[in-house]
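Asks: Below you'll find the structure I mean.
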Amino acid sequence: MAIHHREIHRIGSVAWLRAAVLGANDGIVSTASLVIGVAAAHAAHADVMVAGVAGLVAGAMSMAAGEYVSVCSQADTEKADIERERNELATDYAGETKELTGIYVKRGLSPDLARQVATQLMEHDALGAHARDELGITEAMSARPLLAALASAASFSVGAALPLMVAYMAAENNLIVLVAVTSLFFLALLGALAARAGGAGVLAGAMRVTFWGMMAMAATAAVGALFGTAM
Ligand SMILES: [Zn+2]
């Protein structure tokens, strides 16, 4: 008889959604702040756009590089752990069976049943069973550096494109206000979305990211105005 799964597990998609939202948040905050700072220094509209586009490209590349390097080191650690596990299985199979049995007993199985499960799973795929149940490395969660880097650069770029589009369409005299207001709106929206996806409070999620976005834009506006008058 087929068993129908009713509850929805979010763990897999939430991780990706959270990374995408954080990337987009970075894109919005850093590009909107950059655009507002340059505009506050009384730069011409074309110069503001050049600075904004350069900020988008620089930010996307640094996010991709950072993500790639950090996920690569995670992949290296996983690979080294699996190699160590392979050696232990080759040199001490009985000890590894005992170890896996202990893991299942800790999870609530009776010692007899745990030994039976461990023995059968190891006969089927010893390395896979240890990787999954001892090291916590599963196919779904294993490190994919390139995919993570591309996803990170893409989400940053999408976030950065929002204030850039507003800056492009805005007239010079209300560019700062329009970029600030629309960017804070986008941030609140993304903050609420991320909070909702993670099952957390929507309002708190929205307010948290909006507050820091506001701080960042105010700081760059002040610096831009300072440099604008000094030059
Ligand atoms: Zn092991």
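The values are calculated or read from the model by the stated rules, or taken from the named source; none is laboratory data. None of these values were measured; they are calculated from a predicted model. Positions of Cβ are generated from backbone atoms using ideal geometry, with glycine treated the same way; all protein chains shown enter the neighbour counts. Just so you know, the surface numbers come from the protein's heavy atoms only, side chains and all, with ligands and any DNA or RNA stripped out. Shrake-Rupley method; radii C 1.70, N 1.55, O 1.52, S 1.80 Å.
Asks: Every residue in the range 97-125 that is among the small types (Gly, Ala, Ser), open to solvent by less than 30 Å² (accessible area, probe 1.4 Å) and farther than 16 Å from Gly136 by Cα, please.
Replies: Ala114
Asks: Any idea which of Leu193, Leu203 is within 20 Å of Ala15 (Cα to Cα), open to solvent by 30 Å² or more (accessible area, probe 1.4 Å) and either in a helix (DSSP H, G or I) or in contact with a Cys (Cβ under 7 Å, 6 or more places away or on another chain) (or both)?
Replies: Residue meeting the stated conditions: Leu193.
Asks: If only one of Phe186, Phe156 is under 28 Å from Leu56 (Cα atoms) and either within 15 Å of the ligand (Cβ to nearest atom) or open to solvent by less than 40 Å² (accessible area, probe 1.4 Å) (or both), which one is it?
Replies: After applying the criteria, what remains is Phe156.
Asks: Would a scan of the range 80-96 turn up a residue that is open to solvent by 40 Å² or more (accessible area, probe 1.4 Å), under 30 Å from Ala149 (Cα atoms) and more than 11 Å from the ligand (Cβ to nearest atom)?
Replies: Just the residues of the range 80-96 that are open to solvent by 40 Å² or more (accessible area, probe 1.4 Å), to begin with: 80-84, 86-88, 90-94.
After this cut, where a residue has to be under 30 Å from Ala149 (Cα atoms) as well, the list is 80-84, 86.
Then keep just the ones that are more than 11 Å from the ligand (Cβ to nearest atom); that gives 80, 83.
Within the range 80-96 (the criterion being open to solvent by 40 Å² or more (accessible area, probe 1.4 Å), under 30 Å from Ala149 (Cα atoms) and more than 11 Å from the ligand (Cβ to nearest atom)), the answer is yes, since at least one residue qualifies.
Asks: Conditions: (1) within 16 Å of the ligand (Cβ to nearest atom); (2) open to solvent by 80 Å² or more (accessible area, probe 1.4 Å); (3) in contact (Cβ under 8 Å) with a residue 24 or more places away in the chain. Asp133 meets all but one. Number of the miss?
Replies: All conditions are met except number (2).
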